[in-house]
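Engineer: This is the structure I want to talk about, given as structure tokens.
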Amino acid sequence: MVESRKYDLNLIFQALSDPTRRAMLKSLSKKERVITEIAKPFEMSLAAASKHIKVLEKAKLVNRRKEGSFSYLSLNGKAMMSADRWIQYYKKFWEDQLDSLKELLEEIE
């Protein structure tokens with residue numbers, strides 16, 4: 001679990017709470033993109049898009065690479081995996097609870 005300490009789940013879930021940022025991440029899941037390319041589909045200024053990107057960077061959900069005057073962003077799968085591990089733990093808990101409920105209901109019938 002050392003890996004999970006590297007990523008702050010509060011920051012990750014805060015970043016994922018916004019539909020624009022989720023859409024940006026989905027775009028980055030396909031390929032690395034320049035910031036202007038990420039911002040283009042949204043009806044917002046480049047400054048507003050940059051604020052969303054800063055939230056994603058703070059949560060370490062994206063990596064930035066500079067090449068000349070361009071900044072390229074890519075998805076950081078390791079940060080996403082830390083959130084997924086947290087979710088999977090509770091998914092297992094709820095699946096076990098639902099299995100127990102199913103068994104109880106079958107016994108009642």
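Engineer: Could you grab me the full set of residues in the range 24-33 that are within 19 Å of residue 83 (Cα to Cα) and exposed (fewer than 14 other Cβ atoms within 10 Å of the Cβ)?
Structural biologist: Across the range 24-33, the qualifying residues are 26, 29.
Engineer: Which of the residues belonging to the range 30-70 are touching a helix residue (DSSP H, G or I) at 6+ places or on another chain (Cβ under 9 Å) and either small (Gly, Ala, Ser) or in contact (Cβ under 8 Å) with a residue 40 or more places away in the chain (or both)?
Structural biologist: 33, 39, 45, 48, 49, 50, 55, 56, 58, 59, 60, 61
Engineer: Inside the range 38-83, can you point out the residues that are within 16 Å of residue 26 (Cβ to Cβ) and among the charged types (D, E, K, R)?
Structural biologist: 40 - this is the single residue of the range 38-83 that is within 16 Å of residue 26 (Cβ to Cβ) and among the charged types (D, E, K, R).
Engineer: Additional query: Restricting to the range 49-63, and then to whatever is among the hydrophobic types (A, V, I, L, M, F, W, C) and at pLDDT 95 or above, can you tell me which residue is nearest to residue 8 (Cα to Cα)? Give the derivation first.
Structural biologist: Taking the range 49-63 and keeping what is among the hydrophobic types (A, V, I, L, M, F, W, C), we get 49, 53, 55-56, 59, 61-62.
Still in the running and at pLDDT 95 or above: 53, 55-56, 59, 61-62.
On the way: 53: 17, 55: 12, 56: 12, 59: 7, 61: 10, 62: 14 Å.
Checking each candidate, the answer is 59.
Engineer: Exactly one condition in (1) hydrophobic (A, V, I, L, M, F, W, C); (2) over 21 Å from residue 12 (Cβ atoms); (3) modelled with pLDDT of 90 or more is not met by residue 104; state its number.
Structural biologist: Of everything listed in (1) hydrophobic (A, V, I, L, M, F, W, C); (2) over 21 Å from residue 12 (Cβ atoms); (3) modelled with pLDDT of 90 or more, residue 104 misses just condition (3).
Engineer: Tally up the residues in the range 35-73 that are of a type outside the set (Ser, Thr, Tyr) and touching a strand residue (DSSP E or B) at 6+ places or on another chain (Cβ under 6 Å), please. Talk me through it step by step, then tell me what you get.
Structural biologist: First, pick out the residues of the range 35-73 that are of a type outside the set (Ser, Thr, Tyr): 35, 37-44, 46-49, 51-68, 70, 73.
Now narrow it down to the ones that are touching a strand residue (DSSP E or B) at 6+ places or on another chain (Cβ under 6 Å): 35, 56, 62-65, 70, 73.
Qualifying residue count, the range 35-73: 8.
Engineer: Can you confirm whether the range 74-84 contains a residue that is at pLDDT 95 or above, within 18 Å of residue 6 (Cα to Cα), open to solvent by 90 Å² or more (accessible area, probe 1.4 Å) and not in a strand (DSSP E or B)?
Structural biologist: No, because not a single residue in the range 74-84 is at pLDDT 95 or above, within 18 Å of residue 6 (Cα to Cα), open to solvent by 90 Å² or more (accessible area, probe 1.4 Å) and not in a strand (DSSP E or B).
The values are calculated or read from the model by the stated rules, or taken from the named source; none is laboratory data. If you're wondering where the values come from, they're calculated on a predicted model, not measured in any experiment. Here Cβ is always computed from backbone atoms with ideal geometry, including for glycine, and neighbour counts include all displayed protein chains. Note: accessible area is taken over every heavy atom of the protein model, side chains too, but ligands, DNA and RNA are not part of it. Shrake-Rupley method; radii C 1.70, N 1.55, O 1.52, S 1.80 Å.
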